[in-house]
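Report on one structure; see the data block that follows.
The values are calculated or read from the model by the stated rules, or taken from the named source; none is laboratory data. Predicted model only: the values in this text are computed from it and were never measured. Please note: Cβ atoms are built from the backbone with ideal geometry, for glycine as well, and neighbour counts cover all protein chains shown. Side chains are part of the model used for accessible areas, which takes the heavy atoms of the whole protein and leaves out ligands, DNA and RNA. Shrake-Rupley method; radii C 1.70, N 1.55, O 1.52, S 1.80 Å.
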Amino acid sequence: MMNAATQMLKRAVELDNNKKYSEAKICYEEGIELLIKSVSTLADEKAKAQIRNKIAEYMKRGEELKQHIQKHNASGKFHETIKIKNGQIGCSYSTLFSKYIDKKLNCVTIQDAYIRSHHQLLNLLRFCELLVKRGKSLKNITVITGRDEIKPEEQSAKLEELTNSLKSVGVSLKVEFSDIIHDREILLDNGWIIKIGRGLDYFKSPKGRVSLGFCDFDLRECHETNIDIYVIQ
């Protein structure tokens, strides 16, 4: 647990130094939680005191980042770039985007030209699962994508299945097809725009059918891509 806390806090400092404040804040919080749990396992009182001092330092920095983020959100000037490296893990939709999905969210528009093949449709499903799980007031999702020229019937059938599944939990899915869209972005009506260079399809294929990352996408390697997150002004 101590090793996990150390690695998480190293990551927090690295993100902080690179001005990726939202990600850094989350890593600080997770690292602090792990440190607090690990303190109780120590017998050395001197070591406990040192760790408590470190916890206080990290908590102070975490609070500073929280205030900084809130200030920029309020001013409408927030912009964060997340650079995912080739082969990087720990970048699931939940890890990166959960903090932008809250009870104020009612409508989401997903614009991505390539939601066509089976794995791309599964990516859409996973993102919708996150929206339903986190967005307690979510009512409408609109997907704008390109039509699969090879298997259009299969694409339509799977989108219809997803539509019916979302309907069962009170969420309406509207699908629009366009052959001219290029930008890939997710518009959240609670005030955020998420632009992903590769759209939702930034994960690599799993290394096997029974291997780490097949189910848990935080353990799935990613393609290199950039994600830009803005406050809607």
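What to note about this one:
- Filter result for Lys19 (modelled with pLDDT under 85, open to solvent by 90 Å² or more (accessible area, probe 1.4 Å) and within 27 Å of the chain's Cα centre (by Cα)): yes
- Enumeration of residues in the stretch 170-183 that are under 14 Å from Val108 (Cβ atoms) and open to solvent by 50 Å² or more (accessible area, probe 1.4 Å): Ser172, Lys174, Glu176
- For the stretch 126-165, filtering for residues that are assigned to a helix (DSSP H, G or I), open to solvent by 30 Å² or more (accessible area, probe 1.4 Å) and either within 21 Å of Glu185 (Cβ to Cβ) or not small (Gly, Ala, Ser) (or both) leaves 13.
- Checked against (1) open to solvent by 90 Å² or more (accessible area, probe 1.4 Å); (2) over 28 Å from Leu219 (Cβ atoms), Asn86 passes all but condition (2).
- Taken as a whole, the structure leaves Ile229 outside the set of residues that are in contact (Cβ under 8 Å) with a residue 60 or more places away in the chain, open to solvent by less than 10 Å² (accessible area, probe 1.4 Å), closer than 17 Å to Leu124 by Cβ and in contact with an Asp or Glu (Cβ under 7 Å, 6 or more places away or on another chain).
- Restricting the stretch 95-125 to residues that are touching a residue at least 40 places away in the same chain (Cβ under 8 Å), within 19 Å of Lys195 (Cβ to Cβ) and part of a helix (DSSP H, G or I), the residue that is farthest from the chain's Cα centre (by Cα): Gln120
- Meets criteria (in a loop (DSSP other than H, G, I, E, B) and within 22 Å of Val231 (Cα to Cα)) for Lys71: no
- Some residue of the stretch 50-62 being of a type in the set (Asp, Glu) and under 16 Å from the mean Cα position of the chain (by Cα): no
- Test: residue in the stretch 54-61 that is open to solvent by 90 Å² or more (accessible area, probe 1.4 Å) and touching a Leu at 6+ places or on another chain (Cβ under 8 Å): yes
- Candidates Glu33, Glu57 - the one that is part of a helix (DSSP H, G or I) and either closer than 23 Å to Ser98 by Cα or in contact (Cβ under 8 Å) with a residue 60 or more places away in the chain (or both): Glu33
- Residues (open to solvent by 60 Å² or more (accessible area, probe 1.4 Å) and either touching an Asp or Glu at 6+ places or on another chain (Cβ under 7 Å) or not hydrophobic (A, V, I, L, M, F, W, C) (or both)) located in the stretch 185-220: Asp189, Lys195, Arg198, Ser205, Lys207, Arg209, Asp216
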